[in-house]
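Trainee: Can you read through this structure? Questions will come right after.
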Amino acid sequence: MPSSAATPETFLLTNDMMRAMDLIGVFVMGIVGGALARRLQFDAVGFAFIGIVSGLGGGIIRDLILAQGVPAAFSTPWYLAASLAGVLIAFLISVDARIWRHSTTVLDAVALGVWAAIGCAKSLGAGLSPLPSILLGLTTAVGGGVIRDVMVGRIPGIFTGGPLYATAALLTAVLTWGVDALNLPSWIVVLAALAGTAVAILAQWRRWSLPTAPDLAVTLSPVQMRAFVRRVRREERQRVAAETGQIPVLDPQDLVHDSFFNVEGTPEEPDSGATAPPFQIHFPSLRREHDHDGAMHVDDDDDDEAPFESGPQHHRGR
C-alpha cells in the first residue's frame, strides 16, 4: 500500500485493488459492447472492434491527448485480453437476462468511478490545470461508450437524458481534483470513486435524469386558431385599406366572432366605447353570394363591378 504522501495518481496506478477494478471495468465494457453487437447481428470482427472501443476508447483518447508515450491500453496485454474476454462471452451466450443486466450495471458503475478518478489524477500528474484534468477524467469514463454509439449510428446515451453516468463521472473527477488540491491522503481518492459509483447506481435504480430543454411550441385549439386567423385577416385588410385609401373590407361574421372571442378563443366582454367599423365595402372583382344552405361563396367575376352592401342577401339558385 503506498504511503499517505503518495499522489492520487500513484495510488490509483500502483494499488492492486484499483488495477483490478480497472481491468474488471474493461472486461464488463467488452460484454456491454458485445451485447450491442449481438443485437445488431455483427460478425466476429464487429464484436471484437465494438468491445475494444467500448472498454478502451476513453483511456486511449486521454493518453493520446496527454502525449506521454504509448497509451496504457497498448502498453500491457492485459487490457486487450480483458476486453476480448468480455466480447467472447457476449459472442457465445446471450447476456440479455436480468441477472446479467443487473451485474453489468453495477460493475459498469464501479468502473466508471475508477476510470474518472484515474483520468483526472493522471492529467493532474501530467501538469494540466484543474478544468482540463476534470474534462479528461470525464472523457476517460464515458469516451468509449460515446465512440461505440457513434460507430453504430446511435445518439450517445449520455446526451439523451438517460442515467446520470456523465454526471457521476464528473462528480468523481471533481472530488479527485479536490483530494489532490488539498493534499489529502491519497487513499481518499477511493471515496471519490465510490461517490461517482453510488450516484451512477442510484440514478439507474431511481431512473434519475437531467432536465431537457423546455418545449416552447405554441399549441392552439381549433377555436383559438379560427379566432387567430380572423384577427389576422381583419388586421391585414385594415393595413391594405390604410395604404390604398379605400374603405377596409370587413366580414360581418368576423365582426360578430371578434366581439365575443379574443385571440385565445375565450369569451370577452365587448368594448362599449368602441365604434363598429363600416359595413359598406367596395370590391370590384369579387361578388359574394349565399347558397340555399346558407354557405357563403365568393365568385370571381370581372364584369360585375357593383359594390357589395352588407345588408340583406338574396339567395340564388344553383
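Trainee: Name, by its number, the condition in (1) assigned to a helix (DSSP H, G or I); (2) open to solvent by less than 40 Å² (accessible area, probe 1.4 Å); (3) not aromatic (Phe, Trp, Tyr) that does not hold for residue 95.
Mentor: Single failed check for residue 95: (1).
Trainee: What's the number of the condition residue 9 fails, among (1) over 29 Å from the mean Cα position of the chain (by Cα); (2) assigned to a helix (DSSP H, G or I); (3) more than 21 Å from residue 124 (Cα to Cα)?
Mentor: (3)
Trainee: Sticking with this structure for a sec: Give the residues of region 177-205 that are open to solvent by 20 Å² or more (accessible area, probe 1.4 Å), touching a Ser or Thr at 6+ places or on another chain (Cβ under 8 Å) and either under 16 Å from residue 138 (Cβ atoms) or not in a loop (DSSP other than H, G, I, E, B) (or both), sorted by residue number.
Mentor: 177, 180, 187, 195, 199, 201, 204
Trainee: Being modelled with pLDDT of 75 or more and surrounded by fewer than 10 Cβ atoms within 10 Å (Cβ to Cβ) is the filter here, so list the residues in region 220-267 that pass it.
Mentor: Across region 220-267, the qualifying residues are 222, 243, 244.
Trainee: Then there's this: Among the residues of region 151-179, how many are of a type outside the set (Ser, Thr, Tyr) and in contact with a Pro (Cβ under 7 Å, 6 or more places away or on another chain)?
Mentor: Summing the residues that are of a type outside the set (Ser, Thr, Tyr) and in contact with a Pro (Cβ under 7 Å, 6 or more places away or on another chain) in region 151-179 gives 2.
Trainee: What number goes with the only condition from (1) open to solvent by less than 80 Å² (accessible area, probe 1.4 Å); (2) over 16 Å from residue 22 (Cβ atoms); (3) in a helix (DSSP H, G or I) that residue 86 does not pass?
Mentor: (2)
Trainee: If I filter region 75-82 for residues that are surrounded by 20 or more Cβ atoms within 10 Å (Cβ to Cβ) and either touching a helix residue (DSSP H, G or I) at 6+ places or on another chain (Cβ under 7 Å) or modelled with pLDDT of 95 or more (or both), do I get at least one hit?
Mentor: Yes; the residues of region 75-82 include at least one that is surrounded by 20 or more Cβ atoms within 10 Å (Cβ to Cβ) and either touching a helix residue (DSSP H, G or I) at 6+ places or on another chain (Cβ under 7 Å) or modelled with pLDDT of 95 or more (or both).
Trainee: Among the residues in region 164-176, are any farther than 17 Å from residue 138 by Cα, part of a helix (DSSP H, G or I), open to solvent by 10 Å² or more (accessible area, probe 1.4 Å) and among the hydrophobic types (A, V, I, L, M, F, W, C)?
Mentor: No: region 164-176 contains no residue that is farther than 17 Å from residue 138 by Cα, part of a helix (DSSP H, G or I), open to solvent by 10 Å² or more (accessible area, probe 1.4 Å) and among the hydrophobic types (A, V, I, L, M, F, W, C).
Trainee: Counting just the residues of region 1-47 that are β-branched (Val, Ile, Thr) and surrounded by fewer than 23 Cβ atoms within 10 Å (Cβ to Cβ), which one comes out modelled with the highest pLDDT? So that I can check it myself, show each step before the final result.
Mentor: At the first step, the residues of region 1-47 found to be β-branched (Val, Ile, Thr) are 7, 10, 14, 24, 26, 28, 31-32, 45.
In the following step, the residues that additionally are surrounded by fewer than 23 Cβ atoms within 10 Å (Cβ to Cβ) were identified as 7, 10, 14, 24, 45.
Details: 7: 85, 10: 89, 14: 88, 24: 92, 45: 95.
In this case the residue turns out to be 45.
Trainee: So how many residues does region 163-219 have that are over 23 Å from the mean Cα position of the chain (by Cα) and among the aromatic types (Phe, Trp, Tyr)?
Mentor: Result for region 163-219: 2.
The values are calculated or read from the model by the stated rules, or taken from the named source; none is laboratory data. Because the structure is a prediction, the values reported are computed rather than measured. When we count neighbours, we look across all protein chains shown, and the Cβ atoms used for this are built from the backbone with ideal geometry, even at glycine. Accessible surface is based on the protein model in full, side chains and every heavy atom, while ligands, DNA and RNA are left aside. Shrake-Rupley method; radii C 1.70, N 1.55, O 1.52, S 1.80 Å.
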